[in-house]
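The values are calculated or read from the model by the stated rules, or taken from the named source; none is laboratory data. Given the structure is predicted, the values throughout are model-derived calculations rather than measurements. Ideal geometry is used to build each Cβ from the backbone, glycine not excepted, and the neighbour counts take in all protein chains shown. Just so you know, the surface numbers come from the protein's heavy atoms only, side chains and all, with ligands and any DNA or RNA stripped out. Shrake-Rupley method; radii C 1.70, N 1.55, O 1.52, S 1.80 Å.
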Amino acid sequence: MIMSSSREKYIWFRCLCTVLGLLFYFLDIGSDFLLSVQYFRSGHVTWAVLTLVFVLVGSLCIQAFSYAWFKDDSDSNKEDCLSTCHLIGIHVLQIGICIRYIQLLKKSFKALRSGQNEQDENELIWLATDLSMLRMFEMFLESIPQLILQTYIILEHNHRSNLQYISMAVSFVSIAWATVDYRRCLRKSLTYLKEMPIGIPTAVYLSYKIFTITPRILSLTLFIMLSNFSIVSMACIWLLGTIWAFLEETSFCLSRALEYLYRAIVGVILIFTFFNIKGTNTKVHMTLYYIFNLCHNLSAPILLFLLKPESEKTDYFLPILFFILVSNLMGLGFLGLYYSLLHPRGHGKEKIGDEIDGMYETGGTAPETKTTRFERFLQI
């Protein structure tokens with residue numbers, strides 16, 4: 001069978017994205033592990049433990065979801081499925097996501113050699129979307145908390161090292177990569193939505209996320225510098241996000257326990273950025289969220305100045321205050337630009353399987369059909 005040019009280009013592009021994604025994953029985890037070893041050797045046991053805890057928590061969560069998705073897929077498709085013992089083994093060893101990367105690469109190269117049909121291309125898209133969702137979890141449970149921790153150590157304790165900067169740089173690149181890859185994979189898997197074009201729309205969307213998440217990281221770091229009890233306020237924000245997920249009655253997982261875990265993770269994600277958790281119209285929710293976000297971010301340097309006046313004399317205070325203000329405004333500007341002019345609207349190709357759990361982007365109501373996990377995941 002001869003493969004169409006557009007399909008071949010997509011598979012090659014997906015192979016490249018998979019290799020880069022695997023590289024960023026190993027660099028992210030590896031740099032954090034080496035940094036924790038450096039902290040242990042220098043006597044900073046608490047920093048070392050916290051660095052490892054963030055890695056472990058992120059890994060345990062994504063392995064749990066990866067195992068559940070493998071099991072769900074094996075129930076509906078017995079071909080090319082691992083046995084339960086193999087699944088348990090690879091996820092206990094924390095290599096489930098690595099197996100997924102290898103599986104996606106093998107199927108991609110097989111498709112290039114033999115010229116697969118559209119159904120096989122759809123399978124590649126679904127595998128890639130699974131990976132992108134897992135990396136989204138890892139981004140908010142590991143990469144962003146690591147950035148807050150390392151920024152705190154640098155600003156509050158004036159402890160700097162090259163490995164620290166490398167770890168932070170890799171985490172930042174991983175955040176950018178996971179954000180864009182998830183956005184593109186999700187829209188590719190939901191075939192009744194138009195795809196996100198490469199180029200200006202992708203760059204503007206990435207800028208919106210980066211310029212709203214980065215000042216959030218800095219402001220939360222300043223709150224922790226102000227008082228360690230600020231972590232309680234972060235816990236309250238997490239609780240509000242989690243309660244919203246429960247009130248929305250998300251139905252992402254087949255297991256009730258895993259669904260509760262998913263809602264708790266949604267609460268973590270909402271600390272840092274806004275996501276549409278049900279696929280419905282959330283303009284009001286997003287507006288209120290970013291008004292609160294902006295006020296909360298700006299209050300961090302102001303409170304630090306009022307309650308710790310000596311902070312004004314540090315070399316970081318004014319640059320951070322300026323960056324938080326400018327970055328927030330730029331991020332919100334990119335948000336408005338993207339959703340007013342560049343956001344893909346209308347229907348894409350004819351739907352392969354199921355409709356979204358909510359409303360079409362154009363306002364129509366979806367038919368009542370069985371939905372896939374992609375349609376029940378965070379819509380952005």
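When you look at Arg187, is it charged (D, E, K, R) and either in contact with a helix residue (DSSP H, G or I) (Cβ under 9 Å, 6 or more places away or on another chain) or without any contact (Cβ under 8 Å) to a residue 60 or more places away in the chain (or both), yes or no?
Working: charged (D, E, K, R): yes; either in contact with a helix residue (DSSP H, G or I) (Cβ under 9 Å, 6 or more places away or on another chain) or without any contact (Cβ under 8 Å) to a residue 60 or more places away in the chain (or both): no.
No, not satisfied.
Taken across the stretch 349-372, residues that are modelled with pLDDT under 90, outside any loop (DSSP other than H, G, I, E, B) and either in contact with a helix residue (DSSP H, G or I) (Cβ under 9 Å, 6 or more places away or on another chain) or within 14 Å of Tyr208 (Cα to Cα) (or both) do not occur at all.
Which of the residues spanning the stretch 286-328 are open to solvent by 90 Å² or more (accessible area, probe 1.4 Å) and touching a residue at least 60 places away in the same chain (Cβ under 8 Å)? Leu307, the sole residue that qualifies.
Given the condition surrounded by 17 or more Cβ atoms within 10 Å (Cβ to Cβ), outside any helix (DSSP H, G or I) and out of contact with any Leu (no Cβ under 8 Å at 6 or more places or on another chain), answer yes or no: does some residue in the stretch 269-276 qualify? Yes: the stretch 269-276 contains one or more residues that are surrounded by 17 or more Cβ atoms within 10 Å (Cβ to Cβ), outside any helix (DSSP H, G or I) and out of contact with any Leu (no Cβ under 8 Å at 6 or more places or on another chain).
Could you go through the stretch 34-48 and let me know if any residue there is within 20 Å of the chain's Cα centre (by Cα), open to solvent by 50 Å² or more (accessible area, probe 1.4 Å) and in contact (Cβ under 8 Å) with a residue 40 or more places away in the chain.
Narrowing the stretch 34-48 to residues within 20 Å of the chain's Cα centre (by Cα): none.
Scanning the stretch 34-48, I find no residue that is within 20 Å of the chain's Cα centre (by Cα), open to solvent by 50 Å² or more (accessible area, probe 1.4 Å) and in contact (Cβ under 8 Å) with a residue 40 or more places away in the chain, so the answer is no.
Taking first residues from the stretch 148-172 that are in contact (Cβ under 8 Å) with a residue 40 or more places away in the chain and farther than 19 Å from Val53 by Cα and partners that are hydrophobic (A, V, I, L, M, F, W, C) and in a helix (DSSP H, G or I), the Cβ contacts under 6 Å between residues at least 6 apart in sequence or on separate chains come to Glu156/Met225; His159/Ile153.
I'm checking my understanding of the structure. Among residues of the stretch 185-202 that are part of a helix (DSSP H, G or I) and surrounded by 21 or more Cβ atoms within 10 Å (Cβ to Cβ), which one is modelled with the highest pLDDT? Before the answer, list the steps.
From the stretch 185-202, those part of a helix (DSSP H, G or I) are 185-189, 200-202; that's our starting set.
From what is left, the residues that are surrounded by 21 or more Cβ atoms within 10 Å (Cβ to Cβ) are 185-186, 188-189.
Details: Cys185: 82, Leu186: 79, Lys188: 77, Ser189: 75.
Here the answer is Cys185.
So the check is Cβ under 8 Å with 6+ separation or different chains; which pairs have a first residue in the stretch 241-252 that's farther than 12 Å from Ala264 by Cα and a second one that's hydroxyl-bearing (Ser, Thr, Tyr) and open to solvent by less than 10 Å² (accessible area, probe 1.4 Å)? Correct list of pairs: Phe252/Tyr262. From the residues in the stretch 69-93 that are open to solvent by less than 20 Å² (accessible area, probe 1.4 Å) and within 22 Å of the chain's Cα centre (by Cα), which one is modelled with the lowest pLDDT? Among those residues, the one meeting the criterion is Trp69.
Per the listing Tyr165, Tyr208, the residue uniquely of a type in the set (Phe, Trp, Tyr) and under 18 Å from the mean Cα position of the chain (by Cα) is Tyr208.
Each residue in the stretch 106-126 was checked for being open to solvent by less than 30 Å² (accessible area, probe 1.4 Å) and either at pLDDT 85 or above or assigned to a helix (DSSP H, G or I) (or both), and 6 of them qualify.
Of the set (1) more than 27 Å from Trp238 (Cα to Cα); (2) open to solvent by less than 40 Å² (accessible area, probe 1.4 Å), all apply to Ser171 but (1).
In a helix (DSSP H, G or I) and touching an Asp or Glu at 6+ places or on another chain (Cβ under 6 Å) - does that describe any residue in the stretch 151-169? Scanning the stretch 151-169, I find at least one residue that is in a helix (DSSP H, G or I) and touching an Asp or Glu at 6+ places or on another chain (Cβ under 6 Å), so the answer is yes.
There is at least one residue in the stretch 237-250 that is open to solvent by 10 Å² or more (accessible area, probe 1.4 Å) and in a loop (DSSP other than H, G, I, E, B).
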